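All remarks here apply to the structure that follows.
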Amino acid sequence: MSQNILEVKNLSKFFPIKKGLFLRHVADVRAVDYVSFHVRQGETLGLVGESGCGKSTLGRTLIRLYEPTSGSIRFKGEDFLKVRGESLRKMRKDMQMIFQDPYASLDPRMTVGQILTQPFEIHNIMTPSERLERVKQLLETVGLKASHVNRYPHEFSGGQRQRISIARAIALNPSLVIADEPVSALDVSIQAQILNLMKDLQEKLKLTYVFISHDLSVIEHLCDRIAVMYLGKIVEIATRDELFSNPKHPYTQALISAIPRVGEGKKKMKKSLSGEVPSPINPPSGCHFHPRCAHKKDICSQKAPALESVTGNSEHRSACWLTTQGGL
Amino acid sequence: MSDKQLSQKEIQALEQYLPMWKIVFGQFLQHKMAVVGLITILIFVAIALLAPVISAVTGLDPNRQNPLARYLKPGTVAPLGSSQKEEAVLNFENREPQAAQALRADLMSKQLVQSVREEDALYDLAFLEKNQALEVLKKLKTPEAKKFEKVFDSFETYHLLGTDDTGRDVFIRLVYGTRVSLGIGVVVAIMATLIGLIVGALAGFYGGFIDSALMRITDSLLSLPTIPLLILMAAIKGKDFLEKIGIDEQEYTSSAVLSFLLENEAIIKLVFILLIFSWMTTARLVRGSILSLKEREFILAAKTLGAKDSTIIVRHLFPNVISVILVSVTLKVGDSILFEAAMSFLGLGVQPPTPSWGNMLFNAQDLIQEAPFLAILPGLLILAVTLSFNYLGDGLQDAIDPKAIRR
Amino acid sequence: MTTYIVRRMLQTFVVIILLSYVCFYLMTLMPGDPVELMIQSNPKITSADIERLRTLYGLDQPAYKRYANWVSSIVQGDLGYSRTYRVPVSELIGPKLVNTFVLSMSSLLLAILIAVPLGVLCALRAGSKLDYTVNFFAFAGISMPSFWLAIVLIIIFSVTLGWLPAGGTSTIGFEPTGILDGGLDRLKYLILPTLSLAYLSIGSFLRFVRASMMDAMRNDYIRTAKAKGLPRLAVVWKHGFRNALIPLITIIALSFSGVFSGAIITETVFAYQGVGKLVFDSITGNDFNVAMVSFVISVSMVLLMNLIADILYGVADPRISYK
């Protein structure tokens, strides 16, 4: 078993809400609500959930674009949250991010060359001519032409822009890349190209991915292990095959049955989800999922279940009273 | 035909990207009034810069009074008073003593003037009727005479736009007024925009307490009625203020900085007062655009790359708010010119004899019976320049904003 | 909503207190307090007398204490005495407030009456010759010094044509025989100031109406209304204008500050007896009590209008929620 590159314990991120005459702090948006998991060297961990479940906030908190409210992150064995100032800047080289919107993630006033040179400028690596060589090489690595160096982002298509984003993310040879919905803004035909590029790069550069998406079929294509999030909490985590063949949490089951499959037709009734996602400001008591759950028991609305190993498989954990109490 | 094959060259030309500024410039040229405005502004800037040259070429002086030529209608010629003629001759004598000497000797020996003493020869000639005197000089046919002929040219002043209540030439005063009014407008606009940029950038970038504190100040200043406050601040004399805060006369006369400030008190105070009240809109604009930029993912990307705050502000934020700033400076120049005019009009701005469009109007308002044109001209210039800046700002805004579609 | 209004009112109150203190302090910096004036008019005054007078007037105390005294007498209803006019400030300020109110309201009304229909028309015919011409005059309005327009109007209508008086508020020595008579006399003096003050606001209102009307007409619900065959007039007024109106309300309320500032200059040019001229005269003439009271009144009026603008915005637009 390979090493853990990232270990997250009880991580949470609350956004305060202020109200009233003196702007008192009245409540929190619990975007990430005491989450624990780990990522192994070289694997791809998928984070999946509906929009608003906190998966993007989690991604941004992992890389410290947001300072977490509580909890700990260990990156390559070091306490990542204790790092400050100059050493944080150094450490960031090793941990990069690919963003969702290829139109917003590239500065419209900079050429592709300037965008891709920036990582080296920030960390003061190499001479200008070496940088240019490296940028051209990077462009070719992600499937663009070296001659594109002097163009502006607005001259590229969404897929090409996302390739530029990827090139920027891998420029500093990071070991961990967090990809926040990198393909959801793209056409389906382009999605596959980008996903394949990411897979190739992973093999070539020995990258570890945390891949965030709302699209379970995309996750299935790329990920080794999958964590399912609901209202700021991880409700189930397992290897891909295990999760798809043997989903334990009713929410996971509903998500998987909602994936359209070729040749399935209308034969099978899908376990569709009813109702809306509740507000993360005032989440339901007990298990957050209980108002929408078909197997709801009394205990579900009283006590929150912990994320515990499913019987017989230490790799598969689920936070549901049905599974933890021997599948009621 | 549309199915014509494009040559390799044409394809290349089409594929070549247009740089941002070319697109913006092309857009700008479509806004005709803005182009007209820009040209007008350039002309006025040239006038302001060339004011001393204009003064030298026309021989007009903004502060020369002529009691013989008060309230002259535009386009009239005025004779100079005797003392000014003497001055001109004296100037000539000092400038070219040898030529003057030769000329005097010539005049006396040929008995062309009835002077008792040789020293008076040139003065007596100067007091003759212009044509008569010129004839005398023509008879001499010496190069010295030619030189002296030029002195006569300055004995009559042509007043393109007439003269004011003390016989000063309105045209040259307007030219120098352009210097003062446009200068104050531009200085105030640039400084106010800089302050606004810094405040807005700090508030927008750091958020939290800094943001709410700075924005509270900005909003309260913005909601104030400006003119009463301006009047109040302008009414305070710099000396009184210094004495009140415990700096006495000896100190401020000995300090170079303070005495400089006091000497130019009116203008410095005016700029300062205008500054206090004109940076807020820029600050709000900059803060707004930085707030929206800050959440754009390219800023986050720079952060994850480990960029410092200063790098992010300078490399990513400023270039993206430059358009906002450009428009704001342009519109602000117009506003500041209007403000300066209003203050000077109330007698609280630029103090005479320094001409500014505002205080020329202040001067003219009591004379609308005698000389209505005195009141009309400076106002027209204010209108023309402010209008030009407003149109220019409008054109820039349209050109920079890709959402604005020309109709 | 209520907490929002209460918070804004508190803020406004604090700003008024702060500003009046600043004003008070600045006034103390100006040369010539009452005792100095007495010294000038009475050369025989002794230094002991000066001391006594200073104590009597409280001038030996620091500014904040004097400010507190001033506030407490204001609260008790004593506005003090005018040095220039030799009458109590309360008597002086009443009629001037009315005059300024009449002037600003009439010019605001005139501006709205002209700007709104023209703005709507321009928005509907965007890009036409009419639009360009009106736009030019609107721009000119924004770019024109108001006092200059006032002077030009005086030159045209009173110096050249002799139709209207050049300045003042009513004919001196004229005894009106009835309301109509007196009203007409006042009206003569009101026309030019109103025109010159209104022209300023017309420009900005017009551009604003045009922009927000064009925004409103671009919405999908306008297309829906057109598609379902509603008459054009109904589309424009019911669907377009009503939505363009919301921002207009606030702009009008906010423009009050500008109208008031403009009124100071306009009143000065026309020698119109209003608060604006009073502010100017009393500050430049160092009439302490009058300056303070008129300053506080004018600042409070402007801030109050800003507050009303903010609240109206929330009332008129259901999408805005106050936090």
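Of everything listed in (1) at pLDDT 70 or above; (2) surrounded by fewer than 22 Cβ atoms within 10 Å (Cβ to Cβ); (3) in contact with a strand residue (DSSP E or B) (Cβ under 9 Å, 6 or more places away or on another chain), the single unmet condition for B:V170 is (2). Taking the numbered list (1) surrounded by 15 or more Cβ atoms within 10 Å (Cβ to Cβ); (2) within 14 Å of chain C (Cβ to nearest Cβ) in turn, B:A192 passes all entries but (2).
Would you confirm, using the coordinates I've provided, whether A:K9 is within 30 Å of A:N282 (Cα to Cα), among the charged types (D, E, K, R), under 17 Å from the mean Cα position of the chain (by Cα) and buried (at least 17 other Cβ atoms within 10 Å of the Cβ)? Quick ask: steps written out before the conclusion?
Values: within 30 Å of A:N282 (Cα to Cα): yes; among the charged types (D, E, K, R): yes; under 17 Å from the mean Cα position of the chain (by Cα): yes; buried (at least 17 other Cβ atoms within 10 Å of the Cβ): no.
For A:K9, the condition - within 30 Å of A:N282 (Cα to Cα), among the charged types (D, E, K, R), under 17 Å from the mean Cα position of the chain (by Cα) and buried (at least 17 other Cβ atoms within 10 Å of the Cβ) - is not met.
With the structure loaded, tell me whether B:K147 is modelled with pLDDT under 70, surrounded by 14 or more Cβ atoms within 10 Å (Cβ to Cβ) and basic (K, R) or whether it fails that test. Walk me through how you get there before you give the answer.
Values: modelled with pLDDT under 70: yes; surrounded by 14 or more Cβ atoms within 10 Å (Cβ to Cβ): yes; basic (K, R): yes.
When the stated conditions are applied, B:K147 passes them.
Exactly one residue out of B:F345, B:F298 is farther than 30 Å from B:V24 by Cα, free of Cβ contacts under 8 Å to residues at least 40 places away in the same chain and either within 11 Å of another protein chain (Cβ to nearest Cβ) or crowded, with 23+ Cβ neighbours inside 10 Å (or both): that is B:F345.
One residue stands out among those in the range C:268-305 that are outside any helix (DSSP H, G or I) and more than 10 Å from every other protein chain (Cβ to nearest Cβ): the one that is surrounded by the most Cβ atoms within 10 Å (Cβ to Cβ), which is C:G274.
Taken together, A:P108, A:P182 contain a single residue that is surrounded by 14 or more Cβ atoms within 10 Å (Cβ to Cβ), closer than 18 Å to B:R296 by Cα and free of Cβ contacts under 8 Å to residues at least 60 places away in the same chain, which is A:P108.
For the range A:53-64, which positions are more than 9 Å from every other protein chain (Cβ to nearest Cβ) and assigned to a helix (DSSP H, G or I)?
Initial filter on the range A:53-64 (more than 9 Å from every other protein chain (Cβ to nearest Cβ)): A:53-59, A:61-62.
A:K55, A:S56, A:T57, A:L58, A:G59, A:T61, A:L62 - these are the residues of the range A:53-64 that are more than 9 Å from every other protein chain (Cβ to nearest Cβ) and assigned to a helix (DSSP H, G or I).
Only one of the listed residues (A:V218, A:V177) is closer than 25 Å to B:F298 by Cβ and at pLDDT 90 or above. That residue is A:V177.
Residues to consider are A:E67, A:E130, A:E50, A:E121; find the one that is outside any strand (DSSP E or B), surrounded by fewer than 22 Cβ atoms within 10 Å (Cβ to Cβ) and within 11 Å of another protein chain (Cβ to nearest Cβ). Break it down stepwise before answering.
Details: A:E67 fails: within 11 Å of another protein chain (Cβ to nearest Cβ); A:E130 fails: within 11 Å of another protein chain (Cβ to nearest Cβ); A:E50 fails: within 11 Å of another protein chain (Cβ to nearest Cβ).
Sole residue among the options that is outside any strand (DSSP E or B), surrounded by fewer than 22 Cβ atoms within 10 Å (Cβ to Cβ) and within 11 Å of another protein chain (Cβ to nearest Cβ): A:E121.
Picking from residues in the range A:70-100 that are of a type in the set (D, E) and under 26 Å from A:D33 (Cβ atoms), the one that is farthest from the other protein chains (Cβ to nearest Cβ) is A:D79.
Checked against (1) more than 13 Å from every other protein chain (Cβ to nearest Cβ); (2) touching a helix residue (DSSP H, G or I) at 6+ places or on another chain (Cβ under 7 Å), B:A266 passes all but condition (2). Taken over the range B:303-317, the criterion of being free of Cβ contacts under 8 Å to residues at least 60 places away in the same chain, out of contact with any strand residue (DSSP E or B) (no Cβ under 7 Å at 6 or more places or on another chain) and either surrounded by fewer than 17 Cβ atoms within 10 Å (Cβ to Cβ) or facing chain A (nearest Cβ under 7 Å) (or both) is satisfied by B:K303, B:L305, B:G306, B:A307, B:K308, B:S310, B:T311, B:V314, B:H316. Among the residues of the range B:195-219, those that are under 30 Å from B:A341 (Cα atoms) and surrounded by 20 or more Cβ atoms within 10 Å (Cβ to Cβ) comprise B:G196, B:L197, B:V199, B:G200, B:T218. Within the range B:365-379, if we keep just the residues that are modelled with pLDDT under 80 and facing chain C (nearest Cβ under 8 Å), the residue that is farthest from B:I267 (Cα to Cα) turns out to be B:Q369. For B:L361, indicate whether it is without any contact (Cβ under 8 Å) to a residue 24 or more places away in the chain, within 10 Å of another protein chain (Cβ to nearest Cβ) and buried (at least 22 other Cβ atoms within 10 Å of the Cβ). Spelling it out, B:L361 is indeed without any contact (Cβ under 8 Å) to a residue 24 or more places away in the chain, within 10 Å of another protein chain (Cβ to nearest Cβ) and buried (at least 22 other Cβ atoms within 10 Å of the Cβ). Going residue by residue through the range A:223-244, is there one that turns out to be over 17 Å from the mean Cα position of the chain (by Cα), more than 26 Å from A:N10 (Cα to Cα) and outside any helix (DSSP H, G or I)? So far as the range A:223-244 goes, no, none of its residues is over 17 Å from the mean Cα position of the chain (by Cα), more than 26 Å from A:N10 (Cα to Cα) and outside any helix (DSSP H, G or I).
Could you tell me whether B:I382 is β-branched (V, I, T) and either under 12 Å from C:M144 (Cα atoms) or at pLDDT 85 or above (or both)? Please lay out each step first, then the result.
Numbers: β-branched (V, I, T): yes; either under 12 Å from C:M144 (Cα atoms) or at pLDDT 85 or above (or both): yes.
Judged against the criteria, B:I382 is a match.
Scanning the range A:224-249 for residues that are hydroxyl-bearing (S, T, Y), surrounded by fewer than 21 Cβ atoms within 10 Å (Cβ to Cβ) and in contact (Cβ under 8 Å) with a residue 60 or more places away in the chain returns a single hit, A:T239.
Scanning the range C:254-284 for residues that are touching a Phe, Trp or Tyr at 6+ places or on another chain (Cβ under 9 Å) and β-branched (V, I, T) yields C:I264, C:I265, C:T266, C:T268, C:V269, C:V275, C:V279, C:I283. Applying the criterion of being without any contact (Cβ under 8 Å) to a residue 24 or more places away in the chain and farther than 16 Å from B:K32 by Cβ to the residues of the range C:111-142, the residue that is farthest from the chain's Cα centre (by Cα) is C:R125.
A single entry from C:I265, C:I308 fulfils the requirement of being part of a helix (DSSP H, G or I), at the interface with chain B (Cβ under 10 Å from one of its Cβ atoms) and touching a residue at least 40 places away in the same chain (Cβ under 8 Å): C:I265.
Can you confirm whether A:K268 is assigned to a loop (DSSP other than H, G, I, E, B), surrounded by fewer than 21 Cβ atoms within 10 Å (Cβ to Cβ) and at pLDDT below 75? For A:K268, the condition - assigned to a loop (DSSP other than H, G, I, E, B), surrounded by fewer than 21 Cβ atoms within 10 Å (Cβ to Cβ) and at pLDDT below 75 - is met. Here are the criteria: (1) more than 11 Å from chain B (Cβ to nearest Cβ); (2) buried (at least 16 other Cβ atoms within 10 Å of the Cβ). Tell me which single one A:Q137 does not satisfy. It is condition (2) that A:Q137 fails.
Report yes if C:S90 is part of a helix (DSSP H, G or I), over 26 Å from B:L383 (Cβ atoms) and either more than 11 Å from every other protein chain (Cβ to nearest Cβ) or of a type in the set (S, T, N, Q) (or both), otherwise no.
On the way: part of a helix (DSSP H, G or I): yes; over 26 Å from B:L383 (Cβ atoms): yes; either more than 11 Å from every other protein chain (Cβ to nearest Cβ) or of a type in the set (S, T, N, Q) (or both): yes.
Spelling it out, C:S90 is indeed part of a helix (DSSP H, G or I), over 26 Å from B:L383 (Cβ atoms) and either more than 11 Å from every other protein chain (Cβ to nearest Cβ) or of a type in the set (S, T, N, Q) (or both).
Any chance the range C:25-38 includes a residue that's modelled with pLDDT of 75 or more, more than 30 Å from B:A34 (Cα to Cα) and more than 14 Å from every other protein chain (Cβ to nearest Cβ)? No, that holds for no residue. Annotation note: of B:V329, B:V333, the sole residue that is away from every other protein chain (no Cβ under 12 Å) and at pLDDT 85 or above is B:V329.
The values are calculated or read from the model by the stated rules, or taken from the named source; none is laboratory data. Bear in mind the structure is a predicted one, so any value in this text is a computation, not a measurement. Every residue, glycine among them, receives a Cβ derived from its backbone with ideal geometry; neighbour counts consider all protein chains shown.
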